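What follows is calculated from the coordinates using simple rules that are stated; it is not laboratory data. Quick caveat, the model's predicted, so the values are computed rather than measured. No Cβ is skipped: glycine too gets one built from the backbone with ideal geometry, and neighbour counts run over all protein chains shown.
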Amino acid sequence: MRLFWLRLSILSIIWVCMITLGSNLLSISILFFATSLAVYFFLTMGKFPITLNIFLFGIGMVHFLVAAQDDVFWTMALFYFYSLDGIYRILKPRSWIVLTVGLLLSLLSLTLHEHDQLTVKAILVLLALYILAARISMIVTQREEMRQLYDQLRGEYRKVKRLNLAAERDARLEERTKIARDIHDSVGHRLTALIMKLEMLSIQRKTEDYTELKRMASESLEETRQAVRALNIEENEGIATVVHLIRKLEAESHIMVQFTVKQGVLSASLSNDKSVALYRVIQEALTNAMRHAQTREVRVTLGKSATGAIAFEIENSLHKATSFKEGFGISMMRKRVGELGGSLEVIQTNNKFVVSGMIPSEG
């Protein structure tokens, strides 16, 4: 926009000088000036640039013939301005049309000038100016071609980058599917066979030990199935994915989760490892709440710490205070979060149990 007003100012200065210093008919010159400004405004819209440029040349030439033959300098300055302006609006090879028209009309103006003789010096200066304009035209065209080439290369680079990311993603998904299938075929089948055998033994011998072993095997089978389902799910990153998985877990376990997601959390970037770790921490806390607290209502809060890390807090009520001893699940989650640069704390009071901590975000 600043460039437009600069060009318009230069054009206006040339016309004002031409009217005040060389015009014989002031009112007609002002009319030509107003017409030129109107056409120049249309020229900025980008439609029919060659036609409008030539029309501007024509207005200037007619004005020279009608009202300004006493001073050829400002008319030539006007033609030179139109030539330079056309260079930036019209790229080669069509910009040569504007340059040629400007040069020919400038020579014609010199020829028709009544008071000065047509000198070789004037022609040489005029030719030098238009050679300079031609050189500027070449530079502008080269820069535009380089810009277009750069845009094409950047577009191709982004396309190749997207293809590489898609290929990596497909490779990861294929590997995850293979691992899930292997787990399902080996561990899953063996656990199923073990549960069936324990079922038979519990019926035959009717002891509590077999019932407990069967329960543990069933839980292991369910966790294996959850792992297989998680591996089969397309890999996603971010808090939104964690929220989606927790909502899914809420529906499957019939537990009511009161989610509080503070401002800026959903847009935070988390790698897949950190997303999985956060999900596992919340999953373990929900499992503990169901097993030990005998409650179906858990409050989960996700926020951002002062350092930009993802802060989490899982709280459930305790109907009966019991001694707390950190189990294997919590210990593994603490270790996993610590390996990612985060921290995890467990606090138990008379009426509530709280798991809180933080995991560093990606940015």
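Figures for the structure shown
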item: Full-stretch length increase - E222, E339 - with 0.36 nm per residue and alpha-carbon distance subtracted; result: 39.5 nm
item: Mean Cβ neighbour count within 10 Å, used as a protection proxy, ranking 142-151, 265-274 highest first; result: 265-274, 142-151
item: Computed lengthening from Q258 to F48, 0.36 nm per intervening residue step minus Cα-Cα distance; result: 69.3 nm
item: Segments 5-14, 75-84 sorted - mean Cβ within 10 Å per residue, highest first; result: 75-84, 5-14
item: Global geometry of the range 2-118, whether rounded, prolate or oblate, following the gyration tensor of its Cα atoms and the 1.5 cut on a/c; result: oblate
item: Lys, Arg +1 and Asp, Glu -1 on Cβ, resulting dipole of the range 236-363 about Cα centre, debye, nearest 20; result: 260
item: Residue order, fewest to most beta carbons within 10 Å, for T241, T301; result: T301, T241
item: Difference of contour (0.36 nm per residue) and Cα-Cα distance, F41 to S27; result: 2.9 nm
